1. Could you list, ordered by first residue, the pairs with Cβ atoms under 9 Å in which the first is in region 38-67 and assigned to a loop (DSSP other than H, G, I, E, B) and the second is among the charged types (D, E, K, R), at least 6 apart or interchain?
2. Within the bounds of region 43-52, is there any residue that is out of contact with any helix residue (DSSP H, G or I) (no Cβ under 8 Å at 6 or more places or on another chain), modelled with pLDDT under 85 and surrounded by 10 or more Cβ atoms within 10 Å (Cβ to Cβ)?
3. Would you please name the residue that is modelled with the highest pLDDT, looking only at residues in region 53-94 that are of a type in the set (S, T, Y) and more than 17 Å from F36 (Cα to Cα)?
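The values are calculated or read from the model by the stated rules, or taken from the named source; none is laboratory data. Note that the structure is predicted; figures quoted are calculated from it, not measured. All Cβ positions, even for glycine, are placed from backbone atoms using ideal geometry, and neighbour counts span all protein chains on display.
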Amino acid sequence: MLLYNLIIITHYIPHKETLNLQRLSFPMHTKLIHHFEQNNPSISINILYADEDTRNFSIEYVSPHRNRTHHINILICCYHPTANVHQSTTSQIF
């Protein structure tokens, strides 16, 4: 039941106003994560993806802000028989 509740987007709607999303568009490209972090100085983000070629995890973005109050680690898992699926998946995350 807990996992089900974490997935329901309506649980996150009350928090929408707590984030500063000015000058950001969604889905957001990973190269713009630093803008999100600038707008929200208490949050840092790391993004990793599953590399299907090496079957390891690769880093897409590492926040330079390691001492912030809130930290988000995003793991993008996308195993697909066609090559380079992670490139289209990780270019837009939000």
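1. N40/R68; P41/R68; S42/R68; S63/E37; P64/E37; H65/E37
2. no
3. S58
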